[in-house]
């Protein structure tokens, strides 16, 4: 079993109330081969919500208290993002999940890229808050652009 960002599995849980559904990932859930998590919603954030970006670094810096997650109006959402990451991790561990496919560019789930913290639409390299937590606790994190590799590997395991 694998974990998947809830928005990729078709749940309308993004900040804008939308999803970023990938049909094949949604099917894994309906087939009982994956579970969905949304660290932001698990942390108590509403749907929809004000967009937030990491200011002063990336998710690893947030955990080191060197960066914060802020809305465009400056509201500090850092604690809710951290809380959501911890709750999501616990859910994954309870279900023996060691690999999770996450939504790139998200302040929670970005793996290689996040928005730059200026609300200008520009990206920069770095990981989101939940991704940093998952990686530091030994989970394999894969972005949605690499999900096929995980499925190929899972198919090979299932066929043995």
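FYI, it's all coordinate maths here, none of it is from the lab. Here the structure is a predicted model, which means the values were calculated and not measured. Counting neighbours? That spans all protein chains shown, and the Cβs are built from the backbone with ideal geometry, glycine included.
Some notes on this structure:
- Highest to lowest packing among 66-72, 109-115, scored as the average C-beta count within 10 Å: 109-115, 66-72
- Each of 134, 60 was scored by other Cβ atoms within 10 Å of its Cβ. Arranged with the fewest first, they read 60, 134.
- Counting every alpha-carbon pair across the range 1-155, the share separated by more than 27 Å comes to 15%.
- Inter-part distance where the range 118-145 and the range 31-81 are each reduced to a Cα centre, Å: 11
- Mean ellipticity per residue at 222 nm, deg cm²/dmol - from DSSP H runs of n ≥ 4 across the chain, formula -39500 (n - 2.57): -10000 deg cm²/dmol
- For the chain, DSSP calls about 40 percent of its internal beta bridges antiparallel.
- Per the Kirkwood formula applied to alpha carbons, the range 23-72 shows a radius of gyration over Rh ratio, Rg over Rh, of 1.14.
- Between 0 and 90 degrees, the angle of helix 78-94 with respect to the longest Cα principal axis of the chain falls at about 10 degrees.
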